[in-house]
Amino acid sequence: MQLAEDSRIEPVERQARLALIEKGYSVFAWLFFSNGVSTVLNDNETLLKPMRYGILLLALLLLSARWRGTLRALSKGGVLWALMAVMVLSLGWSMSPSYTVDSLRGEVLPMTAFAVYFSSRFNMREQMRLLAIALGIGALLSFFYATAMPSVGRHVGDKFDGAWKGIYSQKHNFSTSMTLTILLFFVLGVVNRPGFERLLARIGLAVATAMIILSTSKSGLLIFIAMMVIMVLTRLFRWRGRRSVLILDLAGLAALGAIAGLSVTWRDIVISLGRDPTLSARTYIWAGAIDKIMDQPLLGYGRAAFWVPDSLPAFEVGLLAGSQGFVPAHAHNGFIDVAIDLGLIGLGLFVFGLLLTYLIAIRRAYKAEAPEDLWPFAFLTLLVMSNLTETVLMNRVTLYWVLYMVIFLSVRIWPQRTEWKSVRPSA
């Protein structure tokens, strides 16, 4: 009798250990995709390469172990897989084939495999918790490096002297990560029922807010303020029949009025914030990049092929921005960069998929009673706003792109306000 009971307990313990390993793996992968690990390791490829392909290999093994759930996730991809197909096929017309091959193998494959695994393995509440742990660790490490090792965690001796950058390469990357951290903790702290998790989320929200201020990133601060306003309004005016429709109509009119006003006064506003009207030469880069897109409008220049050191077109864009012999890292606009890589066809596929997913997210947010109901809408809103002046979409390895793929699949895999255990994809 005792032997029978022990035989039943052992598989349960094994499953618990496996679940813990999977969660640890997921947290590490999120830290890796945030590029914090690469900065801490000083971009040492000898160490980073095994990590990158280790993430890919483990994701593939876990996907094969739960092949039914994997097939279900793959069946939900639709337009996302069409976009990924264009990305892979871009090797055929890439202006820098070697860079495209390296990117597809070392960036696209690990990110995609992990996104499919994560979205099919964990329900959306579990996803938020694991992502919160990873971002929280990133915030704590950033605090440590900025205070204990300021030569690493802060800008020293450059134009951003004294600004916090934590475990990230630059203050803008730091503020982008902290804005995402703030948003996630805000959703967990406001929508959650009172309890220990909600308390931790609010503490994390306060810490991340302080850090984004210490980064001195004005664009990051503006995005943070805008997101908080949007989130508060979303919580105040959830679906309430005709009243909600009236509020949305009025909000739409107000937004149109604000956009019309900004179109006339934005230069004065930017100057008043202590920034030049070119947004640190971004407007020149945008103009030059759009000109290059028009040279190859349909298919672009290939995945990760344009902004490379030996790229003459990118060099010409840099000259427009006033640089001497400097190739910009990207276009400082995620949508422009998608068009540069994959042309207007790729951009059209991305925008179409984004709009479809956004509509699903808005419907979930209307009656948000749990954090996972509001989270897709919150993240997609942040994604759009963040990519207006920076590139955090498909440019190399980026946490935002992995999270976009996860959200795209998850809103189609996991139904709203359902007992997750009853709908978990089978192994």
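Values computed for the structure shown
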| quantity | calculated |
| --- | --- |
| Filter result (free of Cβ contacts under 8 Å to residues at least 40 places away in the same chain and either over 15 Å from G36 (Cβ atoms) or not assigned by TED's automatic domain parsing to the domain that holds M385 (or both)) within segment 163-196 | G189, R193, P194, G195, F196 |
| Tabulated pairs, segment 283-311, first touching a residue at least 24 places away in the same chain (Cβ under 8 Å) and in the same structural domain as P97 (by TED's automatic domain parsing), second basic (K, R) and not in a loop (DSSP other than H, G, I, E, B), C-beta under 9 angstrom, 6+ apart or interchain | Y301/K292; F306/K292 |
| Filtered residues of segment 283-310 (kept if of a type outside the set (A, V, I, L, M, F, W, C) and more than 15 Å from N395 (Cβ to Cβ)) | T283, Y284, G288, D291, K292, D295, Q296, P297, P309, D310 |
| Members of segment 147-178 that are crowded, with 18+ Cβ neighbours inside 10 Å and more than 17 Å from L31 (Cβ to Cβ) | R154, H155, A163, W164, K171, H172, S175 |
| Number of the condition not met by G136 [criteria: (1) touching a residue at least 40 places away in the same chain (Cβ under 8 Å); (2) assigned to a loop (DSSP other than H, G, I, E, B)] | (2) |
| Of residues in segment 276-293 being more than 18 Å from S90 (Cβ to Cβ) and of a type in the set (A, V, I, L, M, F, W, C), the one modelled with the lowest pLDDT | L279 |
| Matching residues in segment 367-392 - criterion: being among the small types (G, A, S), more than 11 Å from N333 (Cβ to Cβ) and part of a helix (DSSP H, G or I) | A378 |
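So that you can scan it fast, the table gives a plain yes or no per residue for (1) at pLDDT below 85; (2) surrounded by 24 or more Cβ atoms within 10 Å (Cβ to Cβ); (3) among the aliphatic types (A, V, I, L, M):
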| position | (1), (2), (3) |
| --- | --- |
| G334 | no, yes, no |
| L347 | no, no, yes |
| V351 | no, no, yes |
| I360 | no, no, yes |
| A370 | yes, no, yes |
| W375 | no, yes, no |
| K421 | yes, no, no |
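The values are calculated or read from the model by the stated rules, or taken from the named source; none is laboratory data. What you are looking at is a predicted structure, and each value in this text was computed from that prediction instead of being measured. So basically every Cβ, Gly included, is an ideal-geometry build from the backbone, and we count neighbours across all protein chains shown.
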